[in-house]
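Rule-based calculations on the coordinates, nothing more; no lab input. None of these values were measured; they are calculated from a predicted model. Heads up, the Cβs are rebuilt from the backbone with ideal geometry, glycines too, and the neighbour counts pull from every protein chain shown.
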Amino acid sequence: MQIYLPIAEMPVSVLLILGMGAAVGFISGLFGIGGGFLMTPLLIFLGIPPAVAVATQSAQIVASSTTSVLGALRRNALDHKLGAILVAGGFVGSALGVWFFAAARRAGQLDLVIVVSYVTLFTVVGSLMLKESIREFWHRRKGGAVRPRRKAGEHAPYLGWPLRMRFYRSKLYASVIPIVALSLFIGFAGALLGIGGGFIVVPALLYIFRVPTNVVVGTSQLQIVCTTLVALILHAVTNQAVDMVLAILLIVGGVFGAQFGARMGRHLRAELFRFLLAILLLAVGLRFGLELVLKPEEPFSISVQEVRT
Amino acid sequence: MRAFGFLLILLGSLTSTMVEAETLITSLSNHRVLINSNYTGTQIAVFGAIERDAQTIARATGYDVVVTVRGPRQFLTVREKQRLGLVWINQDQQKFPSVPAYLSVMTSRPIAEITSDQLRSRQKIGLDAIVNAPDATLVRGGTDKPFREALLRLKAQEGLYLEDERGVTFLTPDIFRAGVPLPAIAPPGNYEVDVTLFADTVILARTHTDFELVKTGFEERVGVIAHDWSLTYGLATAAIALFFGWLANAIFRRD
C-alpha cells in the first residue's frame, strides 16, 4: 500500500515506514537514545530528500521519547534536577552549534565536518564502552567479585570541584561544572550533526557520573524530548521540511516499538545493556568510516540547491 | 563569394516558406494532473495531426516526430568524490543553474536517424543535446563532460530523464500519439511539451503546450499550511507527536 507524502512529494510504502518506525523505536526505547542517527540514513536511502528526512524524524523522536519519559516518571526512574541542568545547558550549546554549522557551511566543508565528527564520536564512545564491558565480563569469568559500582567516598576528582550539588535520584553528589560542560557539548554536537545526542548522554552519565542505568535512560530521554521539540519547530519554521504524513506513520510505528524496547530494557542486565549499546555505536561508526575510506561505486552525486517555479 | 552566400540564404528561405505548408496540431490528454494520496505516477498522452494544404509536395521519406517534455526547473550541483589521503570526499563540482527536474524525449525513430548532430545540438533536440548544451553549466572551462554524463546517468537511474525511440507511434501517416510516463517522484509544477515535426532531417513545424502537475485536497492543504503557517504547522506536528507518545504510554500502562 502506497501513500503520497505531501512535503517530500513522493509516494512511500505504508508498511515499510511503519516497520522502520517500530524497529528504530524499539532500539530507542531499549537504550534511551533518540535513534535519529539510525532513522535519517534509512529515510535518505528510501529517496526522501535529506532536509525532509532530518526534519521529520525529529517528530518521531519526540513521540517515542515522550512515551519513555512518561514510563520513567511512573517508575520514578528520572532525575528532574539532573535533567533540568542538561536541558538548560543543551539549549545554550545548540545555539553555539547552529552558529558553527553556518560557519562550516561558509567554509564549504560542512559534509566533511559532519562525517568526521560522526566517525570520531561513534567509534571513540563505542570502543571505550566496549573495552569497559569486556573488562567487566572478564572479571566475572575469572570468578573474582565484580567491582562494586561505587565505593563510599570513592569518586573521580572532577566530581569534587566547587559548586557541588546533590542529585538524590542519581545517587550523585557532584560539582555542576562537569555536568554543565557535558550539556553544552551535547547541545553543540546535536545542532551540528542533527542528532538528539542521547548516545553521548547515556555513556557519559553511566561512566563519568556513575548514575544507575535505569535513571540514565529516563533522564536522557527527558533531555531528548526537550531539545528535539525545539528542533522540530525550528525545522518547520525555517525549512518547511516537516512532512506530517511521514511523521505520523513513523510515530505510530515508533511509539509501539519504543514501548517494547523499554520493557525489554528493564529486564536486561546492566553489563549486557552497555555491551549491546557499545556494539551498536561501533557498528554505526564503522559504517560511516567505511563510507569515508572505501572507493565509492558512484563518485558523483546530485544535490538540489533550489527549485525554480 | 558573398553573392553566392546570399543566394544560398535566399534559397534556404524559399524552401522554408515551402515547408511551412505543413501545420501541426497537437493536444494533451490532460492539462492538469492531480496528485492525491494514492498517486503513484501517471502517463500523459500527446496526440498530434499533420495537416497539409493542396500545394504541399508529397514527402518521399515520411514524417518523424520528436516530443520533448521538460519538468520544473531546478538549480543542481553535481559533486565528485575524490581521494584525499585516506578518505574519499567531495571535491570537484559543477553547477547546473536551470535544468529540468524531469526530461523525456519521445521519438518515432532513433533520434540519430531523424536529423543531423548539428541541428540537434542547435535546436536542443534529444536528451544528449539538451544535457550537453553549452549554457547548461555555470562554470565554463575545465572538465565538465563527466559532470554532464553523471547528471544524465543519475537522473536516468531515477527514471526522471529518459529517451524512447519508440515513444511516438503513427496511427495513420498523418496522425500520431505519444505516451509520456511520469514517475511518482517527478515533482509538482509546470511541464512544457514541445512537439517537433521533421521530414528528411528538416524541421517542418513545432508546437508548444504545457500541463500542470498539482497536489489536490489534503495534500495541497498540508503543503499550503506548512508553507504559509509554518509555526502553527510545527506546533501542530509537535502536539501530534506528544499526543501519540502519551497515548502509547496510556495503552501500555497495565504493567
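If you average the alpha carbon positions of region B:21-37 and of region A:202-218, how far apart do those two centres end up, in angstrom?
First find each Cα centre; the distance between them is then 63 Å.
Can you name the helices of chain B, as whole DSSP H runs, whose Cα span along the helix axis is 24 Å or more and whose Kyte-Doolittle mean is not below 0.0?
B:2-19, B:230-251
Given an 8 Å cut-off on Cα distances and at least 6 residues of separation, report the relative contact order of region A:2-292 as a percent.
It comes to 42 percent, rounded to a whole number.
Using the charge dipole of the protein assembly as shown (Lys, Arg: +1 at Cβ; Asp, Glu: -1 at Cβ; taken about the Cα centre), state which of B:Leu138, A:Gln240, B:Thr207 has its Cα farthest towards the positive end.
A:Gln240
With each run of n ≥ 4 DSSP H residues scored as -39500 (n - 2.57), what mean residue ellipticity at 222 nm is computed for the protein assembly as shown after dividing by its residue count and rounding to the nearest 500 deg cm²/dmol?
So the helix-based figure for the protein assembly as shown works out to -17500 deg cm²/dmol.
Can you list which of the DSSP-assigned H helices in chain A have a Cα extent of 27 Å or more along the long axis and an average Kyte-Doolittle score of at least 1.6?
A:270-293
Using only the Cα atoms of region B:216-255, construct the convex hull and provide its projected area averaged over every direction, in square nanometres to one decimal.
That works out to 3.2 nm².
For B:Val33, enumerate residues with amide H under 5 Å from its amide H, sequence gap 5+ or separate chain, H modeled in the peptide plane.
Those qualifying (amide H under 5 Å, at least 5 residues apart or on another chain) are B:Glu212, B:Leu213, B:Val214.
Out of A:Gly83, A:Ala95, A:Gly126, whose Cα points farthest toward the positive end of the dipole of region A:42-137 (charges: +1 Lys, Arg; -1 Asp, Glu; placed on Cβ)?
Result: A:Gly83.
Quick one: of B:Lys81/B:Lys155; A:Lys142/A:Lys171; B:Lys95/B:Lys215, which pairs are farther than 27 Å apart, Cα to Cα?
Long pairs (Cα-Cα over 27 Å): A:Lys142/A:Lys171; B:Lys95/B:Lys215.
Sequence gap at least 6, Cα distance under 8 Å: using those rules, report the relative contact order of chain B to the nearest whole percent.
In percent, rounded to a whole number, it is 27.
Using +1 at the C-beta of Lys and Arg and -1 at the C-beta of Asp and Glu, which of A:Val215, A:Ile302, A:Gly34 has the Cα lying farthest in the positive direction of the dipole of chain A?
Farthest towards the positive end: A:Val215.
In region B:18-126, which GluC sites (Glu not before Pro) fall in coil by DSSP and have 10 or fewer other Cβ atoms within 10 Å?
Sites meeting the loop and neighbour criteria: none at all.
Return the average number of partner chain Cβ atoms within 10 angstrom of each residue Cβ along peptide A:58-67.
That average works out to 6.
If the cut-off is a Cα-Cα distance under 17 Å, which aspartates and glutamates reach B:Lys145, setting aside same-chain residues fewer than 8 apart in sequence?
Once the sequence-local aspartates and glutamates are set aside, what remains near B:Lys145 is A:Glu298, B:Glu80, B:Asp92, B:Asp128, B:Asp135.
Show me the three semi-axes of the equivalent ellipsoid for region A:14-107, from the C-alpha gyration tensor (sqrt of 5 times each eigenvalue), largest first, rounded to whole Å.
25, 23, 8
Taking the Cα centre of the protein assembly as shown as the origin, how large is its charge dipole in debye, to the nearest 20, when only Lys and Arg (+1) and Asp and Glu (-1) carry charge on their Cβ atoms?
Dipole magnitude for the protein assembly as shown comes out near 3840 debye.
At q = 0.11, 0.14, 0.15, 0.19 Å⁻¹, what log₁₀ I(q)/I(0) does a Debye calculation on the Cα points of region B:17-215 give, no solvent, two decimals?
-0.57, -0.85, -0.95, -1.32
How big is the charge dipole of region B:109-255 about its Cα centre, in debye rounded to the nearest 20, if each Lys and Arg gets +1 on its Cβ and each Asp and Glu gets -1 on its Cβ?
Using only the charged Cβ atoms, the result is roughly 400 debye.
Within chain A, which is the longest segment that contains none of the GluC sites (Glu not before Pro) sitting in a DSSP loop with at most 14 other Cβ atoms within 10 Å?
A:1-153
Averaged across B:228-239, how many Cβ atoms of other chains sit within 10 Å of each residue's Cβ atom?
The per-residue average across the peptide is 6.
Average partner chain C-beta neighbours within 10 Å, per residue of B:88-94?
For peptide B:88-94, the averaged partner shielding equals 4.
Could you give me D for the protein assembly as shown, from Stokes-Einstein at 4 °C and 1.567 mPa s, where the hydrodynamic radius is the Kirkwood radius over C-alpha pairs? Units µm² s⁻¹, please.
The Stokes-Einstein estimate is 48 µm²/s.
Would you mind working out the magnitude of the charge dipole of chain B relative to its Cα centre, with +1 at each Lys and Arg C-beta and -1 at each Asp and Glu C-beta, to the nearest 20 Debye?
780
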